[in-house]
Amino acid sequence: MDKVLNIVGGGMAGAEAAWQAANMGVDVVIHEMRPDVGTFAHQTQHLAEMVCSNSFRSDDDENNAVGLLHWEMRAAGGLIMEMADAHALPAGGALAVDRDAFAEAVTARLLAHPRIRVQRGEVSALPDQGQWIFATGPLTSSALGQAIAAETGAEALAFFDAIAPIVYFDSIDMSKAWFQSRYDKGETEEQRTAYLNCPMDREQYEAFIDALLAAEKTEFHEGETAGYFDGCLPIEVMSERGRETLRHGPMKPVGLTNPHAPDVKPYAVVQLRRDNALGTLYNIVGFQTKMKYGAQSTVFKTIPGLENASFARLGGIHRNTFLNSPTLLDDQLRLRKRPNLRFAGQITGVEGYVESAAMGLLAGRMAAAELLGAHVPAPSGDTAMGALVHHITGGADAKTFQPMNVNFGLFPPIDARGGRRGRRERYKAYTDRAKSSFQEWLAAQARPDAA
């Protein structure tokens, strides 16, 4: 029996799947098409390259479902979380990383592992034999996407995901901008000053909205439809939903005091977050966009403090492909029609770096166990990982299936009585229950009689 596990795609999910499987004693080949076949979003050959935000979002494992997912991945010896912690940047209560150092470190650890080999080149067909995990993400190549669609007999669903721009710090006017995390959140001074804030009065905000609405946008190709994921809406789409939408979203002015004018409350605030350890690059938080490059530069320079901004990268937009997983995958993340093929990461219909890596962790462990003649079940649905995998493999309505971030709405309800009436107490009850269940799941795999 062939004991080699083949993983197609070296992103968050593929990297984590390889690490988990190799540490269980299985030889792994990661098939990564870059640099032979590139994408518009990737800029390096590194594995686990972050192409959108540099944030893994909240690190609060007691009151936040994403933070709980961080905790579970750390408990399971996850490579992605280990390297994220090693290359963390101040970001208030969030976990943000130096994206280049992070990807370089993940790549180095995988290449140094004696059971892992990286093979460059495109896989454009679904193999008939062997154990495979497809973790090709939202930018699955056209040829492979067609092969998947032909095999499943169903068209892959798609939405359009947008990338936020990155600004050089030394081009920001600090006589107008200031450092502060919203509500001064964070345990250290670095965390409490992790964000750069650019304030707007009402007139400036209205002018900004006018410029957004009038800006030239990227056109879709004939036959394409745009079904945006609400967690990653382009700012101009948000502004089209109502002129006040941005003020109640990424540009909300709450929890901030402008030291340049402490008695003047901003009408709106644009936040930037450090993108690298040197502090030379800052990304504009929540500013994914489909404006054309020339329009982006013009519109973003109307923001106070960014009048002379220089951009290391402008925003972009790409087609994001994912499976109708509730109809196609079983609870082992296997394609029902071809059980030697597993899928992991964003292509399964989870959204976010951490969620993608978590599905890779599960797929890697499940595939390795099968190769070794054992069985790793999905975690209980009251864990963060279990809630996600149960949602995408049957919990969601296939007719309306859309990409999903982890959230407490995916968890089985918990009895909030007995003093646990507030939201924080309820969330703490969810995370306490999840941690206990997840530790039991890990312990079961460690037992010699686990099967």
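For residue 392, the requirement of being assigned to a loop (DSSP other than H, G, I, E, B) and at negative phi is not met.
For residues in the range 275-295 being touching a strand residue (DSSP E or B) at 6+ places or on another chain (Cβ under 8 Å) and outside any loop (DSSP other than H, G, I, E, B), which is modelled with the lowest pLDDT? Only one residue tops the list, namely 281. Taking the range 86-104 as the range and being hydrophobic (A, V, I, L, M, F, W, C), part of a helix (DSSP H, G or I) and open to solvent by 20 Å² or more (accessible area, probe 1.4 Å) as the test, the residues that pass are 86, 101. Scanning the range 58-72 for residues being under 14 Å from the mean Cα position of the chain (by Cα) and not hydroxyl-bearing (Ser, Thr, Tyr) gives a total of 6. I'm told residue 138 meets every condition in (1) in a helix (DSSP H, G or I); (2) under 30 Å from residue 336 (Cβ atoms); (3) modelled with pLDDT of 90 or more except one. Can you identify the failing condition by its number? All conditions pass for residue 138, except number (3). Taken over the range 401-429, the criterion of being open to solvent by less than 70 Å² (accessible area, probe 1.4 Å) and either over 27 Å from residue 329 (Cα atoms) or at pLDDT 95 or above (or both) is satisfied by 414, 416, 419, 422, 427, 428, 429.
Looking across 392, 303, 317, one residue alone is in contact with a strand residue (DSSP E or B) (Cβ under 7 Å, 6 or more places away or on another chain) and either hydroxyl-bearing (Ser, Thr, Tyr) or open to solvent by 20 Å² or more (accessible area, probe 1.4 Å) (or both). It is 317.
Selection over the range 34-85 of residues that are over 18 Å from residue 185 (Cβ atoms), part of a loop (DSSP other than H, G, I, E, B) and of a type in the set (Asp, Glu) gives a count of 2.
Taking the numbered list (1) in a strand (DSSP E or B); (2) aliphatic (A, V, I, L, M); (3) closer than 22 Å to residue 237 by Cα; (4) open to solvent by 10 Å² or more (accessible area, probe 1.4 Å) in turn, residue 272 passes all entries but (4). Looking across the range 229-248, the residues that are open to solvent by 20 Å² or more (accessible area, probe 1.4 Å) and either touching a residue at least 40 places away in the same chain (Cβ under 8 Å) or of a type outside the set (Val, Ile, Thr) (or both) come down to 229, 230, 231, 238, 240, 241, 242, 243, 244, 247, 248.
The values are calculated or read from the model by the stated rules, or taken from the named source; none is laboratory data. Bear in mind the structure is a predicted one, so any value in this text is a computation, not a measurement. Counting neighbours? That spans all protein chains shown, and the Cβs are built from the backbone with ideal geometry, glycine included. For accessibility, only protein heavy atoms count, side chains too; no ligands or nucleic acids. Shrake-Rupley method; radii C 1.70, N 1.55, O 1.52, S 1.80 Å.
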